[in-house]
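One structure, pasted below without further comment.
The values are calculated or read from the model by the stated rules, or taken from the named source; none is laboratory data. Keep in mind that this is a model prediction, so the values were computed, not measured. Here Cβ is always computed from backbone atoms with ideal geometry, including for glycine, and neighbour counts include all displayed protein chains.
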Amino acid sequence: MNATQQYVLLLGLALGTVGVVLCLYGLARSMGPTLREPGKDVPASAGVLSRDPVWGRYHARYYGYALLFLAFDMEMAYMYPWAVVYKQEGLVALLDMGVFLAILFLGLLYGWSQGALRRQ
């Protein structure tokens, strides 16, 4: 597949996506207007009105957990395509993944040194 065919395929996928979105929007609009009800804008949990303020704050210690989760989530997101390409590329792909994992390991060491893995 040459570059022109790839761009035509990409354009077709983009147009198809826009078409599906517009069709779903039109279908939702054709079913009728949305009804404004005063109870829809009230924050509630399981049918019970919330006593706590809606804009609650989270403690800063969860920031480290979030960063570590993102680091390892990204690792898994890149491991699957890498495993497919590994057979074709060979040692170059292995070295690239080694560098990627080393950078993630440095992030893990930093999080460990900052106490992000300590139970609180």
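Would you mention how many residues in the stretch 73-103 are over 24 Å from the mean Cα position of the chain (by Cα) and either assigned to a helix (DSSP H, G or I) or hydrophobic (A, V, I, L, M, F, W, C) (or both)?
Here the count works out to 9.
Are any of the residues in the stretch 91-105 at pLDDT below 85 and surrounded by fewer than 10 Cβ atoms within 10 Å (Cβ to Cβ)?
no
Looking only at the stretch 1-25, count every residue that is among the small types (Gly, Ala, Ser) and either exposed (fewer than 10 other Cβ atoms within 10 Å of the Cβ) or at pLDDT below 95 (or both) and tell me the total. Explain how you work it out, then say what you get.
Taking the stretch 1-25 first, the residues among the small types (Gly, Ala, Ser) are 3, 12, 14, 16, 19.
Subsequent filtering for residues that are either exposed (fewer than 10 other Cβ atoms within 10 Å of the Cβ) or at pLDDT below 95 (or both) retains 3.
Matching residues across the stretch 1-25 total 1.
Please pick out the residue among Leu106, Leu117, Leu70 that is part of a loop (DSSP other than H, G, I, E, B), within 23 Å of the chain's Cα centre (by Cα), on the phi < 0 side of the Ramachandran plot and of a type in the set (A, V, I, L, M, F, W, C).
Result: Leu117 is the single residue among Leu106, Leu117, Leu70 that is part of a loop (DSSP other than H, G, I, E, B), within 23 Å of the chain's Cα centre (by Cα), on the phi < 0 side of the Ramachandran plot and of a type in the set (A, V, I, L, M, F, W, C).
Which members of the stretch 76-120 meet the condition of being touching an Asp or Glu at 6+ places or on another chain (Cβ under 9 Å) and under 30 Å from Ala60 (Cβ atoms)?
As a first pass, look at the stretch 76-120 and keep what is touching an Asp or Glu at 6+ places or on another chain (Cβ under 9 Å): 82, 89, 96, 100-101, 104.
Matches in the stretch 76-120: Phe100, Leu101, Leu104.
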